[in-house]
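The values are calculated or read from the model by the stated rules, or taken from the named source; none is laboratory data. Computed from a predicted structure; not experimentally measured. Note that each Cβ is placed from the backbone with ideal geometry, even for glycine, and that neighbours are counted across all protein chains shown.
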Amino acid sequence: MADLFPITLLSLQVSMLATLISLLIGLPLGTVLALGKFPVRSFLLSIINTGMALPPVVVGLFVAMMLWRSGPLGDFRLIYTPVAIIIAQTIIAAPVVTGLTAAALQQLNPRLRLQLYGLGASRTQMVLALWREARLPLLAALMAGFGSVISEVGASMMVGGNIRGQTRVLTTAIVLETSKGEFERAIALSVFLLTITFLVNWALTIIQQRGRS
Amino acid sequence: MTALIEVRDLLVRREKQTVLEIEHLAVQKGEVLAVVGPNGAGKSTLFLTLARLLKHERGTIHFNGTESMSTLEYRRRIALVLQEPLLLDASVRENAAVGLGFRGIPKAESDRRAGHWLERMGVAHLADRSARRLSGGESQRVSLARAFVLEPELLLLDEPFTALDAPTRARLLEDLKSVLAETSTTTIFITHDLREAERLGTRMAVMLKGRIHQTGEPREVFAHPADVQVAEFLGTTLG
């Protein structure tokens with residue numbers, strides 16, 4: 001279990017970075033989908049909502065094909081690197097963050113926007129005020145995004161390759177130990193995975209609940 | 001005397017239906033114009049159009065004699081109070097100061113101004129309380145303080161008392177009347193309640209089916225309705 005620390009650190013680094021990138025994509029995109037008025041809005045929302053249930057192995061397959069040495073992005077030599085896992089996990093988490101952001105903002109009273117404009121808010125100030133107003137469900141969206149990637153195994157395995165010391169994360173390590181019949185090690189890793197997931201979500205929950213006035 | 005706001009030949013259509021058609025409407029500085037009419041008369045459409053929250057298809061809206069003002073600049077010279085208080089999930093003080101924040105007023109000054117108006121609206125003791133824990137009447141008082149704190153040139157009120165019980169409504173109406181008299185804030189007050197209109201308005205406009213049928217001092221309008229429809233709405237007879 002000497003490699004437990006680097007595996008855990010890599011899991012956290014990869015999943016947190018993927019969640020952060022998903023937030024940078026999902027928060028503005030979800031806002032546009034929630035507040036915008038354009039012809040294909042409902043269609044795009046349906047795509048995002050479908051994307052929330054994307055099977056990680058399908059994402060893994062797609063990203064692997066893209067990054068494969070002979071694939072369109074093969075020249076970047078990213079397959080079986082942590083970057084490949086981050087890309088795959090971002091594709092998994094971004095629809096979750098986007099969809100839940102849109103849902104959070106759509107739950108607000110639509111007349112609130114009129115009221116904010118009527119009080120002299122610019123468009124940016126209006127959006128910031130709405131984000132602040134929906135901060136509890138937005139943090140829940142962030143937690144759901146993180147939860148969807150820290151726990152996935154299919155994509156990480158397919159694009160990371162579970163290479164010891166390089167791309168092995170907690171979930172892929174659990175799969176490996178189970179396949180070897182090393183159940184004690186697998187259970188220990190599982191407990192560790194659950195513990196860090198709990199700790200991260202606990203920290204986010206504290207921030208979320210502190211936001212309640 | 002220059003009108004603060006003057007509407008000419010205004011046409012608003014929604015889903016290809018004409019919902020508002022106003023030949024002329026002017027509100028002088030310091031005046032409180034009560035716009036009355038039944039549900040569906042187009043009062044709220046007028047309200048949203050005057051707040052530049054709804055685009056009009058035709059016509060002009062002059063503010064202080066000019067039409068060439070950006071929407072943001074225009075909105076920062078007015079304030080609006082809607083039927084629902086629509087307070088943010090923050091303290092009462094923060095809510096009262098939100099419009100000042102949008103205008104980049106420093107926090108110390110905005111807190112002081114918000115404090116003054118919360119006091120004036122009788123809710124200063126609630127300043128540190130969460131806006132989520134207020135009664136309907138208290139919320140609407142905060143909403144009014146949030147508007148007055150901006151010292152707007154034009155105050156737009158859209159049925160602000162509708163959701164309140166009768167005694168709360170009566171008290172708030174009296175307080176609002178005295179604040180308006182004291183500040184001489186030019187106000188357009190949308191309501192379907194004739195007693196409220198009579199109580200608060202220095203002038204009254206009767207709106208039916210998207211058109212203004214009559215404007216005048218409330219007493220005058222009640223005594224001499226311009227046509228049968230106005231008389232019917234007011235429950236009087238043509239005189």
Review point. Can you name the condition, by its number, that B:VAL7 falls short on among (1) away from chain A (no Cβ under 14 Å); (2) at positive phi?
Key: (2)
Check your understanding: If a residue has to be in contact (Cβ under 8 Å) with a residue 60 or more places away in the chain, within 7 Å of chain A (Cβ to nearest Cβ) and within 20 Å of B:LEU25 (Cβ to Cβ) to count, how many in region B:60-92 make the cut?
Key -> 2
Study note, to complete from the structure: For region B:96-112, the count of residues that are surrounded by 16 or more Cβ atoms within 10 Å (Cβ to Cβ), at the interface with chain A (Cβ under 10 Å from one of its Cβ atoms) and not β-branched (Val, Ile, Thr) equals 4
Practice item. Could you tell me which numbered condition A:GLN166 fails, if it satisfies all but one of (1) away from every other protein chain (no Cβ under 14 Å); (2) buried (at least 24 other Cβ atoms within 10 Å of the Cβ)? Key: (2)
Study note, to complete from the structure: Output for Cβ contacts, cut-off 9 Å, separation at least six or different chains, first residue more than 7 Å from chain B (Cβ to nearest Cβ) in region A:109-132, second among the acidic types (Asp, Glu), reads A:ARG132/B:ASP89
Check your understanding: What's the number of the condition B:SER135 fails, among (1) surrounded by fewer than 16 Cβ atoms within 10 Å (Cβ to Cβ); (2) within 14 Å of chain A (Cβ to nearest Cβ); (3) polar (S, T, N, Q)?
Key -> (2)
Check your understanding: What number of residues within region A:13-38 satisfy the criterion of being modelled with pLDDT under 95 and either touching a helix residue (DSSP H, G or I) at 6+ places or on another chain (Cβ under 6 Å) or assigned to a helix (DSSP H, G or I) (or both)?
Key -> 0
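Residue check: is B:ALA127 touching a residue at least 24 places away in the same chain (Cβ under 8 Å) and under 24 Å from B:LEU46 (Cα atoms)?
On the way: touching a residue at least 24 places away in the same chain (Cβ under 8 Å): yes; under 24 Å from B:LEU46 (Cα atoms): no.
No, not satisfied.
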Study note, to complete from the structure: Matching residues in region B:195-223 (farther than 18 Å from B:ASP175 by Cα and in contact with a strand residue (DSSP E or B) (Cβ under 8 Å, 6 or more places away or on another chain)) number 15
Point to revise | Of all residues making up region B:138-164, the number that are within 21 Å of B:VAL36 (Cβ to Cβ), more than 11 Å from chain A (Cβ to nearest Cβ) and of a type in the set (D, E, K, R) | key: 1
**Study point:** Total residues in region B:60-74, condition at pLDDT 95 or above and on the phi > 0 side of the Ramachandran plot
**Key:** 0
Practice item. Evaluate region B:80-102: report whether one residue or more is in contact with a Leu (Cβ under 6 Å, 6 or more places away or on another chain) and closer than 28 Å to B:ARG219 by Cβ. Key: yes
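Within region B:37-44, identify whether any single residue is more than 14 Å from chain A (Cβ to nearest Cβ) and within 18 Å of A:LEU119 (Cβ to Cβ), and answer yes or no.
No; the residues of region B:37-44 include none that is more than 14 Å from chain A (Cβ to nearest Cβ) and within 18 Å of A:LEU119 (Cβ to Cβ).
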Review point. When residues of region A:31-58 are filtered for being within 15 Å of A:THR98 (Cβ to Cβ) and in contact (Cβ under 8 Å) with a residue 60 or more places away in the chain, how many remain?
Key: 4
Practice item. Can you give me the number of residues within region A:1-21 that are of a type in the set (Gly, Ala, Ser) and over 9 Å from the mean Cα position of the chain (by Cα)? Key: 2
Exercise for review: Consider B:ARG146 carefully, then state whether it is modelled with pLDDT of 95 or more and basic (Lys, Arg).
Suggested key: yes
Review point. Mind checking whether some residue in region B:22-45 is out of contact with any Ser or Thr (no Cβ under 6 Å at 6 or more places or on another chain), assigned to a strand (DSSP E or B) and over 23 Å from B:LEU157 (Cβ atoms)?
Key: yes
Review point. Is it true that some residue in region A:139-149 is among the small types (Gly, Ala, Ser), within 14 Å of chain B (Cβ to nearest Cβ) and under 30 Å from B:LEU87 (Cβ atoms)?
Key: no
Study note, to complete from the structure: The strands (runs of 3 or more DSSP E) lying entirely within region B:54-161 that contain at least 1 residues which are within 18 Å of A:ALA121 (Cα to Cα) are B:78-81, B:154-158
Check your understanding: In region B:41-58, how many residues are in contact (Cβ under 8 Å) with a residue 40 or more places away in the chain and in contact with a Gly (Cβ under 9 Å, 6 or more places away or on another chain)?
Key -> 6
Practice item. List every residue pair whose Cβ atoms lie under 8 Å apart, where the two residues are 6 or more positions apart in sequence or sit on different chains, the first residue falls within region B:11-25 and is closer than 16 Å to B:HIS213 by Cβ and touching a residue at least 60 places away in the same chain (Cβ under 8 Å), and the second residue, located anywhere, is among the hydroxyl-bearing types (Ser, Thr, Tyr) and not in a strand (DSSP E or B). Key: B:VAL19/B:THR45; B:LEU20/B:THR45; B:LEU20/B:THR49
